1. Scan segment 150-167 for residues that are within 26 Å of the chain's Cα centre (by Cα), more than 19 Å from L15 (Cα to Cα) and of a type in the set (D, E, K, R) and jot them down.
2. Count, please, the residues in segment 91-112 that happen to be open to solvent by 10 Å² or more (accessible area, probe 1.4 Å) and either closer than 21 Å to V181 by Cβ or aliphatic (A, V, I, L, M) (or both).
3. Please note which strands (runs of 3 or more DSSP E) are completely contained in segment 86-147 and include at least 2 residues that are within 30 Å of K283 (Cα to Cα).
4. If I57 passes every condition in (1) out of contact with any Lys or Arg (no Cβ under 7 Å at 6 or more places or on another chain); (2) under 12 Å from A4 (Cβ atoms); (3) part of a loop (DSSP other than H, G, I, E, B) but one, which one does it miss?
5. Among the residues of segment 114-137, write down those that are open to solvent by 20 Å² or more (accessible area, probe 1.4 Å) and either outside the structural domain of D58 (by the TED database) or farther than 28 Å from S17 by Cα (or both).
6. If you check every pair at least six apart or on different chains, which have Cβ atoms under 7 Å apart with a residue in segment 72-99 that is charged (D, E, K, R) and at pLDDT 95 or above first and a residue that is in a strand (DSSP E or B) and open to solvent by less than 20 Å² (accessible area, probe 1.4 Å) second?
7. Are there any helices (runs of 4 or more DSSP H) wholly within segment 230-319 with 3 or more residues that are crowded, with 16+ Cβ neighbours inside 10 Å and assigned by the TED database to the domain that holds V187, and if so which?
8. For segment 24-40, name all the residues that are surrounded by 13 or more Cβ atoms within 10 Å (Cβ to Cβ) and more than 16 Å from P64 (Cβ to Cβ).
Amino acid sequence: MKIAVVGLGNIGFNLFSYINKKYPNSVVGVDIDAGRVNDLRSQGYRVTTDYRALTGIDIWLLAPSTGDQGENLFAALGEMIICPGALISIESTLPPGTMELVRKYLEGKGYRCGQDVYLIHVPHRVMFGVDETVCDTPRVMGAFTQACRDKGRQFYEPLVPQLVEVEDVRIAELSKVVENVKRYVDVAFAQELYQYCKDQGMDFAELRKAVNSKSNVELLGTDWGIGGECLPKDMRFLRKVCPSPLLEGAAIADQEYRDRILQQVGTHQNVLIKGLSYKAGVKDLKHSRGVDLVRTLEEAGNTVWVVDPLFTPEELEASGFKTVEKFDEADLQGWIVLEREKALK
């Protein structure tokens, strides 16, 4: 069995690493980022930028960053050398309706789903900082034909704790988008309540403790705004196909919350930002609202310093931030100090 993992970003590499351990010497990874591929090669991984080197692949696992129109996915499909009988599993989060376009694309190339190729959608699920791999939680699988589902089941059932099969592939597409948008709405709701508590002189942490004492309720915490790659992107995906005042309101509420953080600082201040990663506990600055906050404050003429327990001062400075290794309260007289989950003063 020859397996190819397409896309070696955070999700794709996690998938590649896991599958490589399950099926040693059977897996190759491909990515268009030559720097990324060279770095992984230096660590001993079997990876390439050349799709032409991927011949006789039995199972394709696609996990590229989708793009707002699915353009990255179709670019990958256009490069793949697909053998008859291959299983093609798309793990990327998709704009609803994309799987139908993929089916039509393959049919245009002469492949019939369920006969010549087996096409399935198994959207990835992982909470970095909680799950070790993308196969630690139940996974949803959708397909156009029973033959495709059967083929997908043979591959995924040994890998995941539970495979949730749905007959309508659109349900599989929508399920992942809904998961992330649900969290987006929940965070926006928490941000609104946090602002209300600040305005009324109440402790939001105490409110959370009170509300969350009920077992079937969870009031989330707040941060610098709703960041990361997935939640804002998937909100765009869903709003495009499902116009909704609720979804529009959540997006507006998040923007207003982020604007309020900026407005309270003003201009020409010394500011210390505590916590910069895109979410607490995950060492990654990509798509971080904390990074956005720092840059916008700097553009307004403020001098901004940052600290984050996940990063050394040298790492932060290499990324273009001002930082200090140690400080005490006396050093911060007259400064504005902002902490994640306590961003409002």
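The values are calculated or read from the model by the stated rules, or taken from the named source; none is laboratory data. None of the values given here were measured: they were computed from a predicted structure. Virtual Cβ from ideal backbone geometry, glycine too; neighbours counted across all protein chains shown. Accessible surface is based on the protein model in full, side chains and every heavy atom, while ligands, DNA and RNA are left aside. Shrake-Rupley method; radii C 1.70, N 1.55, O 1.52, S 1.80 Å.
1. Once the filter is applied, which keeps residues that are within 26 Å of the chain's Cα centre (by Cα), more than 19 Å from L15 (Cα to Cα) and of a type in the set (D, E, K, R), segment 150-167 yields E165, E167.
2. The total comes to 5.
3. Here the list reads 87-90, 139-143.
4. So I57 meets the others, but not (1).
5. Q115, D116 - these are the residues of segment 114-137 that are open to solvent by 20 Å² or more (accessible area, probe 1.4 Å) and either outside the structural domain of D58 (by the TED database) or farther than 28 Å from S17 by Cα (or both).
6. Close Cβ pairs (under 7 Å, with a partner that is in a strand (DSSP E or B) and open to solvent by less than 20 Å² (accessible area, probe 1.4 Å)) amount to E91/L61; E91/L62.
7. Those helices (runs of 4 or more DSSP H) span 230-241, 245-265.
8. S26, V27, D39
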